[in-house]
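The values are calculated or read from the model by the stated rules, or taken from the named source; none is laboratory data. Computed from a prediction, not measured in an experiment: that's the story for all the values here. Quick reminder, even Gly has a Cβ in these numbers, built from the backbone with ideal geometry, and neighbours come from all protein chains shown. Note: areas computed on protein heavy atoms with side chains; ligands, DNA, RNA excluded. Shrake-Rupley method; radii C 1.70, N 1.55, O 1.52, S 1.80 Å.
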Amino acid sequence: MSSAAEIVFDRVTKRYPGRDEAAVDDLSLEIPAGAFCVLVGPSGGGKTTALKMVNRLIPFDSGEIRIDGRDIRTLPLTELRRGIGYVIQQVGLFPHMTVGDNVATVPRLLRWSKRRTSERVIELLELVGLEAADAKRYPSQLSGGQRQRVGLARALAADPPLLLMDEPFGALDPITRHRLQTELRRLHRDVGKTVIFVTHDIDEAIQMGDRIAILREGGVLAQYATPDALLADPVDDFVAQFIGGDRALRRLALRTLDELPLRPGESGPRVAPETTVRNAVSLLLELKADALTVADGDRVLGSFRLADASELL
Amino acid sequence: MDGNGPVIPNFGQGDACVTGDHTFCWGWVRDHWSDTLGPALWQHVELTAVAVGIGFAIAFPLALLAHRFRKLEQPLGAFSALLYTIPSIALFQLLVPFTGITWTTVEIALVAYTLVILFPNVVAGLRSAPPDVVEAAEGMGLTRLQVLLRIELPLALPAIVAGLRIAVVSTISIGTIAAFLLPKGLGYPIFVALGNPIPFKTEIYAAGGLAVGLALLCDAGLVVLRWALAPWTRLARA
Ligand SMILES: Nc1ncnc2c1ncn2[C@@H]1O[C@H](COP(=O)(O)OP(=O)(O)O)[C@@H](O)[C@H]1O
Ligand SMILES: [Mg+2]
């Protein structure tokens, strides 16, 4: 388990030459160490630009970006980048290298020993759900989902405290995307790194993020909040519209029954503790029941009524 | 030899096949391998190797420059394309006042052609690295030089080999025209045979066949080279 980095955007502005409107406009954002921060917004909102400023693929005009308090422009470029994992939608695997060599790229740049590198490659392939034998295959022999897994393994190779991801699952089919989203969440819990994740899909943002920054056209930060706070209190019409309807139900989907103060005793049909509150409400309506019993196997934890759901909102 | 019969040059003791100018006389080939065909073949190999070698040695760094400084590609490409439009015999003639009727003249002309073929191929090869691949490499902290050496050059290999194949095959073919200037290469036996009042078929076919065989062999060799150096291109796309 490695350390995670704190990232601060301090009044950062970027204007591309020959364009009137800023791509990123006076952006200030504090991302605590270990957070999963999602940048979301309509296309052209400056998400990619903001992300690429962090590893200095794109220079900015004014303001400062700090990683653990250090201005990124004071660090040597290659050193900065080797300490940041970078995952993009097109993956960008090196087609002439095997999966193993792709994953070993940064460890080799850092001159790790052969043995340490190859052990790390195997460890990573397993971490992202591939097999050690896949190390010998070439990218062209993999499916889209497998390629993105390799992209993730490659980004994690040297255990960077920060991971930048630009719509990493945007090109995948819905089933593969969902599987990878779930696994990335788990991975984030296990490896404890700071992640900045870009998407244009608000549902993906709500599912993945601890914190969500909504950028609107012109690169202006519209709101920066937890998914729950965002659904509860959109600051303006733009945010409300961008988030969409069913906000109460979607908030309930963020919680599971075992997180709630349950009523004592047994009442009604049994459900598992990891059922989301939204699904519990749906079940109550469907079964025309007054209450549900929350039980972990044979052990009864308590019961849940419809009124308990509205208490949460 | 009387004035009315076919005039066949005296290639030693020509047998019936030769004096009758049959379609192809193996005996003649065997008898004249060591004094005519063998040396001509060897000269042709040398001519080609030097032309492609020097052409590549010039084209490669120029292509690297054009790749690094994109503004240079246009002028460099235009210049080499201009060279290509000059017919080879005319180019030989243009060079004679400067370099005389020499091996150098021939090589300069041939190098010019290989340059025109190799330069755009190497540039295209270097450009063929997909933008997302280069972006990922840069994002991971590879330096410019590392991106060139570890990513762009290996990915350029198939295009470079493709350029070499065209350069080698066309140099072997254009190289036969060098015989207009110098008694060298596989063009020379053909030139001599054509000079007879009745062209001597065997010599033309033998020298021409050797040129074709040499071209095919070199081409196959380069295909094998690509196969060995670029294993990822052997795979079927998933
Ligand atoms: N290289 C560039 N040159 C000029 N304008 C650009 C460039 N890249 C992006 N832009 C512009 O900057 C704005 C933000 O783009 P981008 O950061 O890619 O947004 P997003 O990732 O949110 O879709 C857009 O208006 C886009 O057209
Ligand atoms: Mg984008």
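See the values below:
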read-out	value
Most to least accessible of A:TRP112, B:TRP103 (protein chains only, probe 1.4 Å)	B:TRP103, A:TRP112
For the stretch B:163-238, the Rg and Dmax computed from alpha carbons only, in angstrom	17.0, 61
Shielding by partners - mean other protein chain Cβ count within 10 Å, residues of A:76-89	3
Sequence of B:ARG68, A:ARG115, A:ARG211 from largest to smallest accessible area, 1.4 Å probe	A:ARG115, B:ARG68, A:ARG211
Rg over Rh [alpha-carbon atoms, Kirkwood Rh] for the stretch A:17-161	1.01
Net charge dipole size for the stretch B:32-230 [Lys, Arg +1 and Asp, Glu -1 on Cβ; Debye, nearest 20]	240
Other-chain or far-sequence residues with amide H under 5 Å of A:ILE212's (modelled H)	A:VAL38, A:ALA225, A:THR226
Shielded residues, the stretch B:119-134 - accessible-area loss of 40 Å² or more between chain alone and all protein chains, probe 1.4 Å	B:ASP132, B:VAL133
Among A:TRP112, B:HIS32, A:GLY302 the positive-end extreme of the charge dipole of the protein assembly as shown (Cβ point charges)	B:HIS32
Pairwise centroid distance, computed over Cα atoms, of the stretch A:50-65 with the stretch B:108-167, Å	30
nm² value of the averaged projected area, convex hull over the Cα atoms of the stretch A:115-219	7.5
Peptides ranked, highest mean first, by Cβ atoms within 10 Å: ranges A:251-259, B:83-91	A:251-259, B:83-91
Dipole magnitude (debye, nearest 20) for the stretch A:186-313, charges at Cβ of Lys, Arg, Asp, Glu	160
Using θ = phi - 60° and Karplus 6.51 cos²θ - 1.76 cosθ + 1.60, couplings along the stretch A:29-42 (whole Hz; Gly, Pro as x)	7, 10, 10, x, 4, x, 6, 10, 9, 9, 9, 9, x, x
Among A:ILE7, B:HIS44, A:ILE58 - extreme Cα towards positive end, dipole of the protein assembly as shown, charges at beta-carbon	B:HIS44
Residues with amide H under 5 Å from that of A:VAL198, placed H, sequence gap 5 or more	A:LEU39, A:MET165, A:ASP166, A:GLU167
Rounded D (µm²/s) - the stretch B:67-222, Kirkwood Rh over Cα pairs, Stokes-Einstein at 4 °C, 1.567 mPa s	72
Carbon/sulfur fraction of accessible area - chain A, other protein chains in place, 1.4 Å, %	47
Rg to Rh, two decimals, where the stretch A:244-313 supplies the alpha carbon set and Rh follows Kirkwood	0.95
Neighbour net charge for B:GLY163 - beta-carbon separation under 15 angstrom, K R +1, D E -1	+2
Accessible area in square angstrom per residue, the stretch A:42-96, 1.4 angstrom probe	39
Prolate/oblate/rounded label for chain A (Cα gyration tensor, a/c 1.5)	oblate
Average accessible surface area per residue within chain B, 1.4 Å rolling probe, Å²	51
Long-range amide H partners of A:VAL220 with built H, under 5 Å	A:ASP25
Rounded percent of accessible protein surface that carbon and sulfur make up, chain B, 1.4 Å probe	69
Relative contact order %, the stretch B:32-230, counting alpha carbon pairs below 8 Å whose residues are six or more apart	27
Listed pairs A:LYS52/B:LYS71; A:LYS136/B:LYS71; A:LYS47/B:LYS71; B:LYS71/B:LYS184 exceeding 29 Å between Cα atoms	A:LYS136/B:LYS71; A:LYS47/B:LYS71; B:LYS71/B:LYS184
Peptide-level mean, for B:211-219, of C-beta atoms on other protein chains within 10 Å	0
Accessible area buried at the A-B interface, both sides summed, 1.4 Å probe (Å², nearest 100)	2000
Whole-Hz ³J(HN,Hα) from phi, Karplus 6.51 cos²θ - 1.76 cosθ + 1.60, for the stretch A:87-100, glycine and proline x	10, 10, 4, 7, 6, x, 5, 7, x, 8, 10, 5, 3, x
Largest-first principal axis extents, alpha carbons of the protein assembly as shown, Å	129, 53, 44
Fluctuation leader among A:LEU285, A:LEU156, A:LEU93 - chain A, Gaussian network, Cα springs under 10 angstrom	A:LEU285
Assigned charges on the beta-carbon of Lys, Arg, Asp, Glu; the protein assembly as shown dipole about Cα centre (debye)	820
Relative contact order (%) - the stretch A:1-112, alpha-carbon pairs under 8 angstrom, separation at least six	26
Charge dipole (the protein assembly as shown, unit charges on Cβ, about Cα centre) - positive-most of B:TRP232, A:ALA229, A:VAL40	B:TRP232
The stretch B:173-185 - phi-based ³J(HN,Hα) in whole Hz, Karplus 6.51/-1.76/1.60, Gly and Pro as x	6, 5, x, 5, 6, 4, 5, 5, 9, 9, x, 9, x
